[in-house]
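Some notes on the structure that comes next.
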């Protein structure tokens with residue numbers, strides 16, 4: 001039995017991720033890749049689907065969170081681990097080159 005995998009990408013400049021998204025959609029399917037431009041919306045989705053198998057890709061340099069605090073991808077990863085200590089978390093950060 002195949003378990004569907006969702007790929008959740010959280011990055012502050014989603015347009016920079018178009019090529020990455022297209023490549024992932026070719027492998028995993030069009031409805032398997034979801035991009036969020038802020039950590040609050042991304043975390044809301046992740047926590048709402050916490051029992052589903054997910055691959056989360058985080059931009060290291062995220063913008064301000066809902067509390068107007070600077071947030072990194074590592075901060076978001078810590079929130080995921082805090083909510084689900086049994087999650088297999090592997091850290092993959094990317095940094096947008098300007």
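Points worth noting:
- Which numbered condition residue 17 misses (of (1) under 22 Å from residue 5 (Cβ atoms); (2) in contact with a helix residue (DSSP H, G or I) (Cβ under 8 Å, 6 or more places away or on another chain); (3) at pLDDT below 85; (4) surrounded by 16 or more Cβ atoms within 10 Å (Cβ to Cβ)): (2)
- Taken over the stretch 43-73, the criterion of being under 15 Å from residue 8 (Cα atoms), out of contact with any helix residue (DSSP H, G or I) (no Cβ under 7 Å at 6 or more places or on another chain) and either part of a helix (DSSP H, G or I) or at pLDDT below 65 (or both) is satisfied by 44, 45, 48, 73.
- Here is the figure for the stretch 25-42: residues that are out of contact with any strand residue (DSSP E or B) (no Cβ under 7 Å at 6 or more places or on another chain), part of a helix (DSSP H, G or I) and under 16 Å from residue 56 (Cβ atoms) total 2.
The values are calculated or read from the model by the stated rules, or taken from the named source; none is laboratory data. Every value quoted in this text rests on a predicted model; they were computed, and no experiment measured them. Here Cβ is always computed from backbone atoms with ideal geometry, including for glycine, and neighbour counts include all displayed protein chains.
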